[in-house]
Amino acid sequence: MREIVFDTETTGLDPFDGHRIVEIGCIELLNCIPTGVTFHRYLNPERDMPPEAFNVHGLSAEFLKDKPLFGEIADDLLTFFGDARLIAHNASFDFNFLSAEFERIQRVGFSRERLIDTIALARRKHSAGPYGLDALCLRYGIDNSRRTKHGALLDAEILAEVYLELIGARQAQLGLAERGVGIGNGLNGHAAIRIREVPLAARVTEAEREAHRAFIATLGDNAMWREYLSRENG
């Protein structure tokens, strides 16, 4: 199952007041494991940057003026999304901004039904708040020390960890790893493999081994299988 955890940064709180997206960051999950594949773009909002927004994410109009317009990255974004489920924190906020951007370039975006809101998941799992991203990191012991300002890709990386905690996938993966038969996960896409302490019993019978040796004998002196057979015999 493929899922995309994503976040946006904007010039303000309401796209209907003329505010625009200035950054989008996406993290790919495959069967609840981060693959290391990401999508990240800064965008030229074609307008000024209010001080209140700059104080949140630190992206200035000067920095963004040579970045692509949303219409230039729209196809790449939709291709990256594919038909995956889309996970965001306060998903309606990001959906409204993306819908406004797609409408501005007269393109069809994606349906709201594909969204999973991690705030809604947190409210169902925990009867009492708070439900902010920093608060959930504190609850689950997730390191968010790099989050001195909001950043779409960094926030998506952190949210991916929070999401896996909310759906119980992170604990399940770690439990399998502790038993030596599964994998852990990391946001760099690296799997933590543990070797079985006791090897599984061989399923090949001695009669089958003997038949295999007889077959190899018919292949000639230079057959590759002879090398493996000599290793097997020590």
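The values are calculated or read from the model by the stated rules, or taken from the named source; none is laboratory data. Source: prediction; values computed, not measured. Using ideal geometry, Cβ is built from the backbone for each residue, glycine included, and neighbour counts are taken over all protein chains shown.
Miscellaneous remarks
- The set of residues from region 144-159 being under 13 Å from Val56 (Cα atoms) and touching a His at 6+ places or on another chain (Cβ under 9 Å) comprises Lys149, His150, Gly151, Ala152, Asp155.
- Only one of the numbered conditions (1) modelled with pLDDT of 95 or more; (2) more than 18 Å from Ile24 (Cα to Cα); (3) surrounded by fewer than 17 Cβ atoms within 10 Å (Cβ to Cβ) is not met by Pro130, and that is (1).
- Inclusion of Thr35 among residues that are of a type in the set (S, T, N, Q), touching a residue at least 12 places away in the same chain (Cβ under 8 Å) and touching a helix residue (DSSP H, G or I) at 6+ places or on another chain (Cβ under 9 Å) is not warranted.
- Against the numbered list (1) part of a helix (DSSP H, G or I); (2) hydrophobic (A, V, I, L, M, F, W, C); (3) in contact with a helix residue (DSSP H, G or I) (Cβ under 8 Å, 6 or more places away or on another chain), Ile142 comes up short only at (1).
- All positions within region 57-91 that are of a type in the set (S, T, N, Q), within 13 Å of Phe110 (Cβ to Cβ) and in a loop (DSSP other than H, G, I, E, B): none
- For Val181: the one exception among (1) modelled with pLDDT of 85 or more; (2) outside any helix (DSSP H, G or I); (3) surrounded by fewer than 19 Cβ atoms within 10 Å (Cβ to Cβ): (1)
- Only listed residue being under 19 Å from His57 (Cβ atoms) and assigned by TED's automatic domain parsing to the domain that holds Val22, chosen from Ala128, Ala100: Ala100
Residues checked against (1) more than 22 Å from Ala160 (Cβ to Cβ); (2) assigned to a loop (DSSP other than H, G, I, E, B):
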{"site": "Gly12", "(1), (2)": "yes, yes"}
{"site": "Phe16", "(1), (2)": "yes, no"}
{"site": "Ile24", "(1), (2)": "no, no"}
{"site": "Leu29", "(1), (2)": "no, no"}
{"site": "Thr35", "(1), (2)": "no, no"}
{"site": "His40", "(1), (2)": "no, no"}
{"site": "Met49", "(1), (2)": "yes, yes"}
{"site": "Asn55", "(1), (2)": "yes, no"}
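- Test: residue in region 86-107 that is touching a strand residue (DSSP E or B) at 6+ places or on another chain (Cβ under 6 Å), surrounded by 13 or more Cβ atoms within 10 Å (Cβ to Cβ), farther than 23 Å from Phe54 by Cα and touching a residue at least 60 places away in the same chain (Cβ under 8 Å): yes
- Filter pass, Glu3 being part of a strand (DSSP E or B), over 16 Å from the mean Cα position of the chain (by Cα) and more than 18 Å from Glu103 (Cβ to Cβ): no
- Number of the exception - Leu43 against (1) buried (at least 17 other Cβ atoms within 10 Å of the Cβ); (2) without any contact (Cβ under 8 Å) to a residue 40 or more places away in the chain; (3) over 17 Å from Thr8 (Cβ atoms): (3)
- The conditions of being within 22 Å of Lys149 (Cβ to Cβ) and charged (D, E, K, R) are not met by Arg107.
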